[in-house]
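To start, the structure under review is shown below, and the notes come after it.
The values are calculated or read from the model by the stated rules, or taken from the named source; none is laboratory data. Note that the structure is predicted; figures quoted are calculated from it, not measured. Using ideal geometry, Cβ is built from the backbone for each residue, glycine included, and neighbour counts are taken over all protein chains shown. The accessibility values were calculated without ligands, DNA or RNA, using every heavy atom of the protein model including side chains. Shrake-Rupley method; radii C 1.70, N 1.55, O 1.52, S 1.80 Å.
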Amino acid sequence: MTNNHPFHDENGDSLHEECGVFGVIGADDAAAITALGLHALQHRGQEAVGICSYNGSEFTARRGLGHVAANFSTEEAIAELPGHMAAGHVRYSTTGGSGLRNVQPLYAELASGGFAVSHNGNISNAMTLRQELVQKGAIFQSTSDTEVIIHLVATSRYPTMLDRLIDALRLVEGAYALVVMTPRGMAACRDPLGIRPLVMGRMGDAVIFASETVALDVVGAEFEREVEPGELLEIDFDGTIRSHRPFGNPAPRPCIFEHVYFSRPDSYFAGQSVYEARKAIGAELAREKPVEADIVVPVPDSGVPAAIGYAQESGVPFELGIIRSHYVGRTFIQPSDSARNAGVKRKHNANRVLVEGKRVVLIDDSIVRGTTSLKIVQMMRDAGAKEVHFRVASPPTNHSCFYGVDTPERSKLLAARMDIDAMCEFIQADSLAFVSIDGLYRAVGRKGRDSGCPQYCDACFTGDYPTSLTDLQRKRHADDQLGLPMGKVA
Ligand code: AMP
């Protein structure tokens, strides 16, 4: 779900978001289960949260800014959301958003009855579709790309809700994992390439959908399977499940960044333990880019599994040379550079006793703007480290994501601005190295990119976007017409 405001540069900083979705049908306490599930997905979005429930005759929604616990931890809050079916959403930060009207699940009264939708991903032709719909008289309530889906369903000429949803999704390009509620039941769907994750579980008679398996664990459900890329599942109130494949069977391209950073390490993604995958990436990094050192230090928490893998493979001892405070939010989501800089210091502190006089290998999952890495290297030096080597458990992040991961515009990505030597100088490390793209594929158990058939979306590293990017192309075209300089994006 991304804000797609006509007056915002759609490639601008902080407009792209990662989110988490959850849905349950056939449970007595559907809203309470959803709140718990969303709590387990909190890392996917901390800006806002919403739950919508259905009690057989009415939909009820409650939405709020901030964390799940701040909005849904009281009995009163849950009691407002009666029914056996509920869907929820956690949303990542954005500076372009305009408060509650963009908070999901989005809900509309259609001719066929109520329609609620939770969306993780980003629709890369949302602006184009939106303009067409507005020209035909559609009145949008939010600035979210997700609302386009509602308007397309509302205006589809097909008789059944299923066909209208399929009709709508055929017009949409980009990435989506959706949980939809109507008076007939629930639908769950992944985009044809399966860029964004979605899994299905069961708890007694209830069927559950969630962005990550960790949410199934936390609510006490059994993992059944992933929703397949391009699959649309319909679940009736009597528990009947129907699977549809409206988009044929294109080769899947799930987002490799879920392995690198986004998913919780206790989740399974694309059939693999995220934790094991991260350790394997760290081991690969140790083989590809070894360095003489005394200790391996993770940048907590995101670098920890890769650092364990690096240490085990290299034989260099793993040490918690940086301690993280758990009482500050992610540094990445602060709106301005100065706030981000202050955030790093509030969040991390050197564990001097381990670092002083040592040759340190720092491991992080990724370098985006370089702000974190620069501060952490400096922190190691201030704590007396003799040498500071930086190793990154992903290739250089060189391109913006248009599929729902929060990345800044390309001109702010360190790797898009500099080569590796210059990046090393910028972060003031003694050496800097990244795992190769083929090493990353090897670590997650797939053939390398050179096999000619990449099995993931790795556009942030390679610039190979697996779908059309209509809005971006139109913007470039418009910039061209105006004689604006190119090269700001992708
Ligand atoms: P930066 O300081 O901009 O280089 O950001 C790098 C740090 O942000 C790394 O420690 C990553 O763990 C983290 N990170 C990478 N991608 C994202 C993202 N999409 N959202 C939030 N944090 C991220």
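What ³J(HN,Hα) values, in whole Hz, does the Karplus curve 6.51 cos²θ - 1.76 cosθ + 1.60 give for segment 108-120 when θ = phi - 60°, with x put for Gly and Pro?
8, 8, 9, 4, 8, x, x, 8, 10, 9, 10, 10, 10
For the chain, report the accessible area per residue in Å² (1.4 Å probe, heavy atoms, rounded to an integer).
Heavy-atom accessible area per residue stands at 38 Å².
Could you pull the accessible area for His84 with a 1.4 Å probe, rounded to 10 Å²?
Rounded to the nearest 10, the figure is 100 Å².
May I ask you to derive the relative contact order of segment 20-253, considering only C-alpha pairs under 8 Å and at least 6 residues apart, and to give it as an integer percent?
Normalised by residue count, the contact order of segment 20-253 is 21 percent.
How charged is the neighbourhood of Thr397? Take every other residue with its Cβ under 12 Å from the Cβ of Thr397, and add Lys/Arg as +1 and Asp/Glu as -1.
Around Thr397, the charge tally is 0.
Grab the other residues whose beta carbon is less than 11 angstrom from that of Phe257, score K and R as +1, D and E as -1, and report the net.
For residues surrounding Phe257, the net value is -4.
For His326 and Gln473 in one chain, what is 0.36 nm times their gap in residues minus the Cα-Cα distance, to one decimal in nm?
48.8 nm
Note down the relative contact order for segment 277-450 as a percent, whole number, built from C-alpha pairs under 8 angstrom at least six residues apart.
24
Relative contact order (percent) for the chain, with alpha-carbon contacts under 8 angstrom and 6 or more residues of separation?
14
Given the C-alpha centroids of segment 341-393 and segment 82-152, what is the distance between them in whole angstrom?
41
Expressed as a whole percentage, what fraction of the accessible surface of the chain belongs to carbon and sulfur atoms when a 1.4 Å probe is rolled over the protein heavy atoms?
With neighbouring chains kept in place, the figure for the chain is 51 percent.
Using the basic label-point model (7 angstrom from Cα toward the beta carbon), what is the Gln272 to Ile139 distance in nanometres?
Going from the Gln272 label point to the Ile139 one covers 5.0 nm.
Give the angle, between 0 and 90 degrees and rounded to the nearest 10, that separates the Cα long axis of helix 470-482 from the longest principal axis of the Cα atoms of the chain.
Roughly 70 degrees between the two axes.
Suppose R0 equals 45 Å; then what is the FRET efficiency for Met203 and Asp480 from their Cβ-Cβ distance, rounded to the nearest 0.05?
0.25
Divide by every residue of the chain the summed helix terms, -39500 (n - 2.57) for each DSSP H run of at least 4, and state the resulting mean residue ellipticity at 222 nm, rounded to the nearest 500 deg cm²/dmol.
-8500 deg cm²/dmol
In whole angstrom, note down how far apart the Cα centers of segment 396-445 and segment 249-302 are.
Each part's Cα centre sits 15 Å from the other's.
If you rank Tyr275, Tyr327 by how much accessible surface each has, with a 1.4 Å probe, what is the order from largest down?
Tyr327, Tyr275
Quick one: putting +1 on the C-beta of Lys and Arg, -1 on the C-beta of Asp and Glu, what dipole do you get for segment 20-253 around its Cα centre, in Debye to the nearest 20?
I would put it at about 760 debye.
Could you tell me which of Val355, His399, Ser431 has its Cα farthest along the dipole of segment 277-450 towards the positive end, charges placed at Cβ (Lys, Arg +1; Asp, Glu -1), taken about the Cα centre?
Projecting each Cα onto the dipole axis, the largest value belongs to His399.
If ligands, DNA and RNA are left out, what is the accessible area of Ile323 with a 1.4 Å probe, given in Å² to the nearest 10?
Solvent-accessible area, nearest 10 Å²: 80 Å².
Compute the long axis of helix 161-171 from its Cα atoms, compare it with the longest principal axis of the Cα atoms of the chain, and write down the angle in degrees, 0 to 90, nearest 10.
Compared with the principal axis, the helix lies near 40 degrees.
Using a ≥ b ≥ c from the Cα gyration tensor of the chain (square roots of the eigenvalues), is it rounded, prolate or oblate, where a/c under 1.5 gives rounded and otherwise the larger of a/b and b/c decides, a/b for prolate?
Prolate, because a/c is 1.5 or more and a/b exceeds b/c.
Checking the cross-link filter: which aspartates and glutamates have an alpha carbon closer than 14 Å to that of Lys412, excluding same-chain neighbours under 8 positions apart?
Qualifying aspartates and glutamates at Cα under 14 Å: Asp13, Asp337.
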